[in-house]
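Structure, as structure tokens:
Derivation of every value follows stated rules applied to the coordinates shown; laboratory data play no part. On a predicted model such as this, the values are computed, not experimentally measured, just so you know. All Cβ positions, glycine included, derive from the backbone under ideal geometry; neighbour counts span all protein chains shown.
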Amino acid sequence: MVEVAAAIAGAAISATFLGVNSHNRRTSEGRDCLIRLSTSVDNVASRLEELHNDLRSERVEIFARLSAAEQKIARLEGQANHP
């Protein structure tokens, strides 16, 4: 009878340790997943910031070229109107 009680106690302790170990592993996996996601979000944010800066510089260049083209067209139209 003592052996049965000892076996039951041993099985209960083993099951408890396995449950705690499983819980700790899931917590660790969740923490690792959160860290990976946070790093990915930071990476995406920095890339979007770079893209925004690139688009802004291209927009400045495009509008400068359009302005120069408009000035040249206006100059040509002025010459065409005065024979």
Q) Any residue at all in the range 59-82 that is within 27 Å of the chain's Cα centre (by Cα) and surrounded by 10 or more Cβ atoms within 10 Å (Cβ to Cβ)? A) yes
Q | Filter pass, residue 29 being surrounded by fewer than 10 Cβ atoms within 10 Å (Cβ to Cβ) and either part of a helix (DSSP H, G or I) or hydrophobic (A, V, I, L, M, F, W, C) (or both) | A | no
